[in-house]
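Following: one structure in structure tokens, then a few remarks.
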Amino acid sequence: MSAAREFIILLTVTIFLLLYGLVPIFGGDQLGLVGADEPRYAQVAREMLAAHAHACAEVGANMLPKSLHMEDLRRSYHCIVGGTVTPILYGQPWLEKPALYYWRAMSFFKEFGVSDWSARLPSSSATFALIILVFLHMRRFRPGGHLDAALITASCVGVVSFARGASTDMQLAAPFCIGMLGWYAWYETGKKFWLFDLYFFGAIATLAKGPIAPFLALCIIVSFVGLRREWTALRRTIWLPGVLLYFAIVLPWYIAVQKKNPTFYRLFFLEHNLERFATNRFQHHQPVWYYLAVGLLALMPWTVIALRALIDSIQISIAEWKVRHDPQRYVGHSRAGDAFPEFLVLWAIFPIFFFSLSGSKLPGYILPSVPPLTILTADYLNRIRRDGMPSWLLWSHSLLCALLVFVLVLAPQHMKYETLVPSTGWMIAAIVSAGGMGAIVWFIIRRWGISQTRNATLLPILASLIFLLGFHGKDLDLNYSARPLAAQIARLAPEIKVVAVQDVKRDMDYGLAFYRNEPLVHYGTDGVPKQQHLLVIRTNDTEGLDRWLAGRVYEPLFLYDSQGLEVYRVYAER
């Protein structure tokens, strides 16, 4: 396959996987911001952009100076730092995360306007860069499986999901993984140029989520060189230009935000890093095996082949380890065998192991473990291309593709009716769709060989994406986002500016605040507003209205049944 054709295929499939149903011009902006983090992070970026615009307007300058005169330089500096140092939420400093996501979202907001889909472009663009660089790295160092590596990475559930999220997870995972690939390229070639990737992208990852990026990189590299007894590689990794580059990128913001917010180091490093790892303070406790389950789901539908590739790579690594400890090593070679599988195995396993020890667990924490597993999968398929895929593996992979289709076909029914037992018609449709897709995957690979595994597997993935977002995107929106509720409130009561909530989920709390661009009033902490306002309350909590609104006149405005909420109009206090 020619290089140009490969690149066209890569761009076409990757862009579809990342942007279909996300941007208005490509399948529509189907799903509003979901969860608590997406609308909260997007709101922080919006408020920072407003503060930045105000700072620039104050001095009548842009980020690029009009001239090299000292006054123009001073004004441009004021414009650059204005609103870009301290993250702001509802007018107050928000110091849980570094600023990388907010900066990138601000740039997309400025270019495309403030919206939920532009808030997700930082993750989509970071993922796109990762996919392209996986392709280029593998094409340079492991030709043959390079297109598979890129597209398997782009198409697994974990990457597709987080690539569409307005969150910091992909802001960390993408540059971290690019940096790790750069370090291995240096290890294999000895050319200092590749160390630039480690330090530059490591710094970017540090601006995304903090010290966890260099910590993970150091632990993986130390484990690798330690097992191979090549400690000089660790010493040579410490490259002064790279160290200076890293600190030149990282330190300005960390110092500036501390100067403006003296509590930042304590809040960020102690509470949101050390305490988050050591305790369940933020109420994200999960069992110790949690990330094993998350990893298996994140690799869907490539999970079975990825596990086989992981086991195969572990066996190769053990064989290499035995060779290195054998007096009769590879004659004439100072380095035994192929170190790439061993490096990828350690890279994949360490984040899962480390975060399994954490008292606070969220799915995105182990996202850096997914790309090495997908690369191992592609490398394994390339190695066994001549021998063919074992029958049990082909059957298992086909069944997993069928299972993915089965679950996703039934997903809209579950969202609508919140039942695990769908109607007979939908069950038959799911079984037929799953069986058909599984059979197609099995037939294509059996008939045309392992080289078609990627193409065969992409069929159910692309079909499922079109089905969910093209045909049922509005169902997702109604059941998981605050966007439809905010739109209905604006339509039925446009004159009322104050919205209060009582005991609703954080998802709806932050979501409504983003879509209305106003902080909400909370009855439990802020009290009941005296002026006219709207109240959003769970339908099963409405019996307590007389307690909250004793002596007040109120009436139901509408029922938002898809998320079990009811909206009331509360008239001003007399």
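Here are a few things to note about the model shown:
- Condition check for residue 61 on (1) among the small types (Gly, Ala, Ser); (2) open to solvent by 20 Å² or more (accessible area, probe 1.4 Å); (3) closer than 23 Å to residue 80 by Cα: one failure, at (2).
- Pairing residues of the stretch 405-420 that are assigned to a helix (DSSP H, G or I) and open to solvent by less than 30 Å² (accessible area, probe 1.4 Å) with residues that are modelled with pLDDT of 70 or more and among the acidic types (Asp, Glu), at Cβ distances under 6 Å and at least 6 apart in sequence or on separate chains, gives 412/475; 415/475.
- Looking only at the stretch 13-26, and only at residues there that are open to solvent by 20 Å² or more (accessible area, probe 1.4 Å) and within 21 Å of the chain's Cα centre (by Cα), the one that is nearest to residue 104 (Cα to Cα): 19
- Single residue of the stretch 88-111 satisfying the filter (open to solvent by 40 Å² or more (accessible area, probe 1.4 Å), charged (D, E, K, R) and in contact (Cβ under 8 Å) with a residue 60 or more places away in the chain) that is nearest to residue 169 (Cα to Cα): 104
- Within the set 14, 86, the sole residue that is modelled with pLDDT of 90 or more, in a loop (DSSP other than H, G, I, E, B) and of a type in the set (S, T, N, Q) turns out to be 86.
- Wholly enclosed helices (runs of 4 or more DSSP H) of the stretch 191-272 bearing at least 2 residues touching a Leu at 6+ places or on another chain (Cβ under 9 Å) and within 23 Å of residue 352 (Cα to Cα): 195-209, 212-227
- Top-ranked residue in the stretch 168-184 [being touching a residue at least 60 places away in the same chain (Cβ under 8 Å) and either open to solvent by 10 Å² or more (accessible area, probe 1.4 Å) or aromatic (Phe, Trp, Tyr) (or both); ranked as farthest from residue 101 (Cα to Cα)]: 184
- Condition check for residue 402: open to solvent by less than 20 Å² (accessible area, probe 1.4 Å) and part of a helix (DSSP H, G or I): yes
- Scanning the stretch 421-441 for residues that are buried (at least 19 other Cβ atoms within 10 Å of the Cβ) and within 20 Å of residue 152 (Cβ to Cβ) yields 437, 438, 441.
- Applying the set (1) part of a helix (DSSP H, G or I); (2) surrounded by 12 or more Cβ atoms within 10 Å (Cβ to Cβ) to residue 301 leaves exactly one unmet item: (1).
- Some residue of the stretch 478-495 being among the charged types (D, E, K, R), buried (at least 21 other Cβ atoms within 10 Å of the Cβ) and under 25 Å from the mean Cα position of the chain (by Cα): yes
- Just one of the listed residues (42, 50, 55) is modelled with pLDDT of 85 or more, in a helix (DSSP H, G or I), buried (at least 21 other Cβ atoms within 10 Å of the Cβ) and not acidic (Asp, Glu), and it is 42.
- Search result, residues across the stretch 474-497 that are of a type in the set (A, V, I, L, M) and without any contact (Cβ under 8 Å) to a residue 40 or more places away in the chain: 486, 487, 490
- Of the criteria (1) out of contact with any Cys (no Cβ under 8 Å at 6 or more places or on another chain); (2) in a helix (DSSP H, G or I), which one residue 457 fails: (1)
- Among the residues making up the stretch 162-210, those that are under 24 Å from the mean Cα position of the chain (by Cα) and β-branched (Val, Ile, Thr) are 168, 178, 204, 206.
- Selection status of residue 295, assigned to a loop (DSSP other than H, G, I, E, B), of a type in the set (Gly, Ala, Ser) and either at pLDDT below 95 or surrounded by 18 or more Cβ atoms within 10 Å (Cβ to Cβ) (or both): no
- When residue 507 is tested against (1) open to solvent by 30 Å² or more (accessible area, probe 1.4 Å); (2) over 30 Å from residue 303 (Cβ atoms); (3) modelled with pLDDT of 90 or more; (4) under 30 Å from the mean Cα position of the chain (by Cα), just one condition goes unmet, and that condition is (2).
- A Cβ distance below 6 Å, combined with a sequence gap of six or more or placement on separate chains, defines the contacts here; from the stretch 143-158, residues that are touching a residue at least 60 places away in the same chain (Cβ under 8 Å) reach residues that are open to solvent by less than 10 Å² (accessible area, probe 1.4 Å) and among the aromatic types (Phe, Trp, Tyr) in the pairs 146/135; 150/135; 152/302; 156/302.
- Helices (runs of 4 or more DSSP H) fully within the stretch 98-168 that include at least 1 residues being of a type in the set (Lys, Arg), modelled with pLDDT under 95 and closer than 24 Å to residue 309 by Cβ: 116-141.
- Some residue of the stretch 550-560 being in contact (Cβ under 8 Å) with a residue 12 or more places away in the chain, of a type outside the set (Val, Ile, Thr) and under 22 Å from residue 90 (Cα atoms): no
- Residue in the stretch 69-87 that is surrounded by fewer than 16 Cβ atoms within 10 Å (Cβ to Cβ) and under 30 Å from residue 506 (Cα atoms) present: no
- Note on the stretch 202-257: residues that are under 14 Å from residue 346 (Cβ atoms), touching a residue at least 40 places away in the same chain (Cβ under 8 Å) and either basic (Lys, Arg) or open to solvent by less than 50 Å² (accessible area, probe 1.4 Å) (or both) total 9.
- Number of positions in the stretch 336-363 that are of a type in the set (Gly, Ala, Ser), in a helix (DSSP H, G or I) and open to solvent by less than 10 Å² (accessible area, probe 1.4 Å): 1
- Failed item in (1) under 25 Å from residue 153 (Cα atoms); (2) open to solvent by less than 60 Å² (accessible area, probe 1.4 Å); (3) out of contact with any strand residue (DSSP E or B) (no Cβ under 9 Å at 6 or more places or on another chain), with residue 33 passing the rest: (3)
- Only one of the numbered conditions (1) farther than 20 Å from residue 309 by Cβ; (2) touching an Asp or Glu at 6+ places or on another chain (Cβ under 9 Å) is not met by residue 402, and that is (2).
The values are calculated or read from the model by the stated rules, or taken from the named source; none is laboratory data. Predicted model, so just to flag it, every value in this text is computed and none were measured. As a convention, Cβ positions derive from the backbone with ideal geometry for all residues, glycine included, and neighbour counts pool all protein chains shown. Remember, those area values only see protein heavy atoms, side chains included, never the ligands or the DNA or RNA. Shrake-Rupley method; radii C 1.70, N 1.55, O 1.52, S 1.80 Å.
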